[in-house]
Amino acid sequence: MNNSVQNQTVANWRTESVIISLVFSLIFFVGTLGNGLVLTVLLWNGQMNTKTTNLFILNLGVADVCFIVFCVPFQATIYTMDEWVFGPVLCKVVHFIIYLTMYASIFTLTAVSLDRYLAIRYPLRSREMRTHRNALTSICVVWGLSLVFSGPYLSYYRQMDLDGTVVCIPAWQFQDRRLMDVCTFFFGYLIPVLILSLTYARTIRYLWTTVDPMKDMSESRRAKRKVTKMIIIVAVLFCLCWLPHHLVILCMWFGHFPLNHTTYILRILSHLVAYANSCLNPIVYALVSKHFRKGFRKVFDCVLSKRVVNRVHVFQAAHVVSTVEVGSSETSNQSLGSQRGDSVGLTTSGALGKKNLEAPLMAVERFSF
């Protein structure tokens, strides 16, 4: 009876590992491809020096790429392998980058919300403030604050040996861990969400009340509405995707959250939803913005055209080589009659030369973020 239960548990764990691996692989592939396209379109756009919003979107894409490349593959192993195999340095660095990119994303979205509010509410007066230089300064401030708030996580996690199994788990004391997680919730989620809600509420009220939607409006106003709509969707998705993660952590500290199979599944789902956010932004850009759709098409057309050109070049090169070979064979045929003996000797030695050349995570680990 015990053996059958144990075998069933092992089978369920293997099934979950396969499903988790597939989902993480999908997030990695879609996120890398999508954000790579976004970065390519923005860098090829030619308006990076004039559009401050593009700079913030570029920074958001950089944060998503860093999260996907440096975090998703390592975190996937926590749910699919029995122990941590990447060493003590990556144990600290991976979790540090998770929170670094999380802070960078939410702070960037907050900066974008303020930028859009100024652009729409004070279009003339804000021109002197919404400059390329100030946008770069804001991005530097975003990463500086992100480093400050995520820096403690370099010592929060540590590689340990528990009963012969190497795991990467929180190393701080109980009270310190709870204080750190609460601070992360307030500074990395709640306060930015309140700022986002306030700025976008005022922006939406101004956009949709100062001009009658039934009447004609300027092309500039329409463009601002579309950009604002796109950024609001991105911000809402970020808040919704990261909310389960923060709720699970708060329940672990202040509610009833026993370590069993049900809570283990909830923990996995909260991670997957949070990680999936890093690949949603390119989809939003493609669905909402016609400029991004055109940019994506240009990138694909450029890649396809290069492949066609390469194939043409290969075909032309092969044609030239075949022409040369035909000419050489005709010339050799003309000289065969007078140099048959030498020809046989060269052929034999060539054949011999060619022949000679051809010879030679435990459960406690899986509950760590």
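Would you check if residue 109 is more than 22 Å from the chain's Cα centre (by Cα) and either in a helix (DSSP H, G or I) or surrounded by 14 or more Cβ atoms within 10 Å (Cβ to Cβ) (or both)? First the steps, then the outcome.
Values: more than 22 Å from the chain's Cα centre (by Cα): no; either in a helix (DSSP H, G or I) or surrounded by 14 or more Cβ atoms within 10 Å (Cβ to Cβ) (or both): yes.
Taking the combined requirement at face value, the residue does not satisfy it.
Right, residue 253: outside any helix (DSSP H, G or I), over 24 Å from the mean Cα position of the chain (by Cα) and either at pLDDT below 95 or surrounded by 15 or more Cβ atoms within 10 Å (Cβ to Cβ) (or both) or not? Step through it out loud before you land on a result.
Values: outside any helix (DSSP H, G or I): no; over 24 Å from the mean Cα position of the chain (by Cα): yes; either at pLDDT below 95 or surrounded by 15 or more Cβ atoms within 10 Å (Cβ to Cβ) (or both): yes.
No.
For segment 148-174, what are the residues that are farther than 15 Å from residue 74 by Cβ and either touching a Gly at 6+ places or on another chain (Cβ under 8 Å) or among the acidic types (Asp, Glu) (or both)? Can you show your working first?
Our first condition is that a residue be farther than 15 Å from residue 74 by Cβ; within segment 148-174, this holds for 148-152, 154-156, 158, 160-165, 170-174.
Answer for segment 148-174, where residues must be farther than 15 Å from residue 74 by Cβ and either touching a Gly at 6+ places or on another chain (Cβ under 8 Å) or among the acidic types (Asp, Glu) (or both): 149, 161, 163.
May I ask you to list the residues in segment 73-91 that are assigned to a helix (DSSP H, G or I), surrounded by 22 or more Cβ atoms within 10 Å (Cβ to Cβ) and modelled with pLDDT of 90 or more?
91
Out of (1) modelled with pLDDT of 95 or more; (2) more than 25 Å from residue 198 (Cα to Cα); (3) loosely packed, with under 13 Cβ neighbours inside 10 Å, the odd one out for residue 133 is which?
Of everything listed in (1) modelled with pLDDT of 95 or more; (2) more than 25 Å from residue 198 (Cα to Cα); (3) loosely packed, with under 13 Cβ neighbours inside 10 Å, residue 133 misses just condition (1).
Is there a residue being in contact with a Phe, Trp or Tyr (Cβ under 7 Å, 6 or more places away or on another chain) and either in a helix (DSSP H, G or I) or under 24 Å from residue 228 (Cβ atoms) (or both) anywhere in segment 61-70? It would help to see each step written out before you state the result.
Narrowing segment 61-70 to residues in contact with a Phe, Trp or Tyr (Cβ under 7 Å, 6 or more places away or on another chain): 68.
Checking which are either in a helix (DSSP H, G or I) or under 24 Å from residue 228 (Cβ atoms) (or both) leaves us with 68.
Yes: segment 61-70 contains one or more residues that are in contact with a Phe, Trp or Tyr (Cβ under 7 Å, 6 or more places away or on another chain) and either in a helix (DSSP H, G or I) or under 24 Å from residue 228 (Cβ atoms) (or both).
For residues in segment 258-286 being within 13 Å of the chain's Cα centre (by Cα) and of a type in the set (Gly, Ala, Ser), which is surrounded by the fewest Cβ atoms within 10 Å (Cβ to Cβ)?
Narrowing segment 258-286 to residues within 13 Å of the chain's Cα centre (by Cα): 274-283.
Next cut, of a type in the set (Gly, Ala, Ser) only: 274, 276, 278.
Working: 274: 21, 276: 18, 278: 30.
Ranking the candidates gives 276 first.
Of all residues in segment 137-164, which are in contact with a Phe, Trp or Tyr (Cβ under 9 Å, 6 or more places away or on another chain), surrounded by fewer than 17 Cβ atoms within 10 Å (Cβ to Cβ) and polar (S, T, N, Q)?
155
Just to be sure before I move on: is residue 225 of a type in the set (D, E, K, R), assigned to a helix (DSSP H, G or I), surrounded by 14 or more Cβ atoms within 10 Å (Cβ to Cβ) and at pLDDT below 90 in the structure I sent?
Working: of a type in the set (D, E, K, R): yes; assigned to a helix (DSSP H, G or I): yes; surrounded by 14 or more Cβ atoms within 10 Å (Cβ to Cβ): yes; at pLDDT below 90: yes.
Criteria met by residue 225.
Residue-by-condition table, conditions (1) exposed (fewer than 14 other Cβ atoms within 10 Å of the Cβ); (2) at pLDDT 95 or above; (3) within 9 Å of the chain's Cα centre (by Cα); (4) closer than 20 Å to residue 116 by Cβ:
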{"residue": "5", "(1), (2), (3), (4)": "yes, no, no, no"}
{"residue": "20", "(1), (2), (3), (4)": "no, no, no, no"}
{"residue": "38", "(1), (2), (3), (4)": "no, no, no, yes"}
{"residue": "49", "(1), (2), (3), (4)": "yes, no, no, yes"}
{"residue": "53", "(1), (2), (3), (4)": "no, no, no, yes"}
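As an exercise: evaluate residue 116 against (1) among the basic types (Lys, Arg); (2) touching a Ser or Thr at 6+ places or on another chain (Cβ under 9 Å); (3) assigned to a loop (DSSP other than H, G, I, E, B) and give the number of the one condition it does not meet.
Unmet condition: (3).
Could you grab me the full set of residues in segment 55-72 that are of a type in the set (Phe, Trp, Tyr) and surrounded by fewer than 22 Cβ atoms within 10 Å (Cβ to Cβ)?
We begin by selecting, within segment 55-72, every residue of a type in the set (Phe, Trp, Tyr); these are 56, 67, 70.
If the condition is that a residue be of a type in the set (Phe, Trp, Tyr) and surrounded by fewer than 22 Cβ atoms within 10 Å (Cβ to Cβ), then 70 is the only one that fits.
With the requirement that a residue be among the polar types (S, T, N, Q) and farther than 25 Å from residue 185 by Cβ, what does segment 72-99 give you?
From segment 72-99, those among the polar types (S, T, N, Q) are 75, 77, 80; that's our starting set.
Residues satisfying the conditions are 77, 80.
Show the residue pairs meeting these rules: Cβ distance below 7 Å; 6+ apart or different chains; first residue within segment 166-192 and closer than 16 Å to residue 251 by Cβ; second residue assigned to a strand (DSSP E or B).
Between residues of segment 166-192 that are closer than 16 Å to residue 251 by Cβ and residues that are assigned to a strand (DSSP E or B), the close pairs are 177/170.
The values are calculated or read from the model by the stated rules, or taken from the named source; none is laboratory data. A quick note: this is a predicted structure, and the numbers were derived from the prediction, not measured. Using ideal geometry, Cβ is built from the backbone for each residue, glycine included, and neighbour counts are taken over all protein chains shown.
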